[in-house]
Amino acid sequence: MSVVGAALLIIVLFVRPQECVPALEPFKLLYIAIGLGVVGIGIDLATNKLKLGSPQWPVMLMYVAWNVICTIVKVGPEPIAGMTVTLFFPVIYFTIICYSARTYERYKGLGTAMLFVSLALGGAGIYQGRSEFQCIKISEGEDRSEAHDKSKGEPDGRDCLDSYQCREDRDPKDDYECERPGLFGTFSVANGRARWRGTLSDPNELSVFIGAGLTFMFALYSVMQSKTKNLLIAVSLGVVFYCVILTGSRGGILVLLAIFGVYFLRKYGLKGLVVAGVCGSPVLLLGGRSGEDAEASSLERLGALYDGADFFKQSPIFGLGHNQFIENYFITAHNSYLLSAAELGLPGIILWFALVWSSVKIPWEVAFRPPWGMDPRLYPFSVALITSFAGILVGIFFLSFTYHPMMFVYYGFCGAYYGAVKRTAPHWEVKMTQKDWTWVSVAATATIFVIFIYTRVKGQP
């Protein structure tokens with residue numbers, strides 16, 4: 001039951017069926033998924049089918065506590081309630097994923113669910129990116145809100161070249177965009193860039209998500225016996241590559257290059273990097289953006305980096321407080337590393353680095369020092385998780401993913417992997433050592449130092 005809840009949770013968080021089919025909204029699918037997960041975990045505990053424990057928990061608890069402390073110190077207790085959605089619920093997502101798939105069969109099943117969600121959204125992105133431009137009606141008459149959700153709209157059937165054409169002879173109170181319509185009321189953004197909705201309503205977010213999800217295909221390919229596995233991997237690669245191109249995401253391209261770089265480096269050594277570069281060259285040539293829009297986006301991000309570095313300089317211990325960057329600047333940081341430092345100070349970014357490393361260290365230990373007695377079928381998933389995080393950590397340099405549900409889901413996948421390996425190798429342990437804390441602190445400090453120097457050299461745009 002717990003793995004069913006976890007799979008439903010992934011679907012609800014990223015596919016968002018309750019928004020695709022409004023009739024599902026009253027059923028509160030998120031709470032159903034959480035409920036199934038919690039009940040299933042409880043049953044596993046009661047029947048001695050589940051062992052608790054993960055090297056991530058001490059760091060996770062310290063990280064959450066520091067978020068609360070920084071917010072209270074800098075802003076007061078009022079914003080704590082808002083952290084339910086941005087932090088406390090993601091910790092619940094982590095918990096359900098972590099404890100729902102602690103056997104090989106369950107882990108394989110949940111990894112398969114993650115892969116097919118990624119491919120489904122990639123397919124939706126392709127459908128959207130290949131559609132013809134149409135006028136999209138965003139809001140209507142007096143019901144228009146200043147905070148309306150521009151990831152939802154209804155095409156009115158008129159072909160268009162720009163949004164001004166769509167507004168001709170229409171009620172000025174109505175809002176229109178000229179974009180490519182997609183499935184379930186979605187549409188593109190920024191002149192045709194494919195995207196989804198909700199937590200993946202930004203093209204860059206969609207590209208990072210489907211790129212990271214692709215790594216489960218490589219793991220499943222290693223354990224599949226079906227003769228169709230070559231076709232499945234070819235389709236998966238085609239869907240992900242093409243969708244990333246249609247998102248126009250430069251960060252998404254770097255994610256794919258990082259993923260293939262890690263895979264080929266591990267398999268072929270340094271020569272593998274050349275192979276990865278050759279394989280990734282078509283995406284480099286066809287993907288990404290250029291021109292005035294891309295330049296304006298870069299300048300906007302540089303401005304956020306510059307002011308974010310100043311925020312950290314002004315309060316290097318407590319930062320601004322959880323989710324307070326957007327309250328002090330007109331856009332978010334567009335850099336998860338800087339966001340951690342600006343909102344939580346130096347201790348906060350160290351704890352965030354520690355949370356990431358305590359997760360990555362689990363598959364890392366298996367990949368380079370497989371424990372005696374472990375189920376060999378689990379081994380490919382160690383490489384998959386490492387490459388997933390390699391891509392994610394590249395992608396989030398350009399995104400504010402510090403508290404994003406996707407991060408906590410992948411933390412959960414690492415925690416579940418720990419339990420699955422330990423089930424057949426009970427002597428195996430992974431802990432955060434003093435050496436780990438030292439290197440994490442050095443890496444976090446160096447990252448902020450490099451960002452600060454970079455922004456001073458580039459100057460304020």
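Quick notes
- Pairs linking a residue in the stretch 78-95 that is more than 20 Å from Y410 (Cβ to Cβ) to a residue that is modelled with pLDDT of 95 or more, with Cβ atoms under 6 Å and 6 or more positions apart or on different chains, are P79/T71; M83/H322.
- Qualifying residue in the stretch 17-34 (condition: outside any helix (DSSP H, G or I), within 18 Å of T103 (Cα to Cα) and not basic (K, R)): no
- Single residue of G76, G53 found to be over 25 Å from P426 (Cα atoms), among the small types (G, A, S) and not in a helix (DSSP H, G or I): G76
- Test for V450: is it buried (at least 17 other Cβ atoms within 10 Å of the Cβ) and under 24 Å from the mean Cα position of the chain (by Cα): no
- Breaking point among (1) over 18 Å from the mean Cα position of the chain (by Cα); (2) within 22 Å of I97 (Cα to Cα); (3) in a helix (DSSP H, G or I); (4) modelled with pLDDT of 95 or more, for C414: (1)
- Residue count for the stretch 49-77, restricted to those that are surrounded by fewer than 16 Cβ atoms within 10 Å (Cβ to Cβ), touching a residue at least 60 places away in the same chain (Cβ under 8 Å) and over 24 Å from the mean Cα position of the chain (by Cα): 3
- Members of the stretch 159-189 found to be more than 29 Å from the chain's Cα centre (by Cα), surrounded by 16 or more Cβ atoms within 10 Å (Cβ to Cβ) and not acidic (D, E), listed by number: C160, S163, C166, R167, Y176
- Test: T332 is touching a residue at least 12 places away in the same chain (Cβ under 8 Å), closer than 27 Å to V244 by Cβ and not in a helix (DSSP H, G or I): yes
- Candidate set from the stretch 432-461 (those that are modelled with pLDDT of 95 or more and assigned to a loop (DSSP other than H, G, I, E, B)); member that is nearest to G109 (Cα to Cα): M432
- Pairs with Cβ under 8 Å, 6+ apart, first in the stretch 341-357 and among the acidic types (D, E), second not in a helix (DSSP H, G or I): E343/G319; E343/L320; E343/G321; E343/H322; E343/N323; E343/Q324; E343/T402
- Any hit, the stretch 168-183, residues being in a helix (DSSP H, G or I), in contact with a strand residue (DSSP E or B) (Cβ under 6 Å, 6 or more places away or on another chain) and of a type outside the set (D, E): no
- For the stretch 430-461, a residue qualifies if it is of a type in the set (V, I, T) and in contact with a helix residue (DSSP H, G or I) (Cβ under 8 Å, 6 or more places away or on another chain), and the qualifying residues are V430, V440, T445, T447, I448, I451, T455.
- Residues in the stretch 96-133 that are free of Cβ contacts under 8 Å to residues at least 24 places away in the same chain and either within 16 Å of V240 (Cβ to Cβ) or outside the structural domain of V64 (by TED's automatic domain parsing) (or both): F116 only.
- Residues in the stretch 222-234 that are of a type in the set (S, T, Y) and touching a residue at least 24 places away in the same chain (Cβ under 8 Å): S222 only.
- When S315 is tested against (1) at pLDDT below 90; (2) over 28 Å from R195 (Cα atoms); (3) among the polar types (S, T, N, Q), exactly one condition is not met: (1).
The values are calculated or read from the model by the stated rules, or taken from the named source; none is laboratory data. In this text, all values refer to a predicted model and were calculated from it rather than measured experimentally. Cβ: placed from backbone, ideal geometry, glycine included. Neighbour counts: every protein chain shown.
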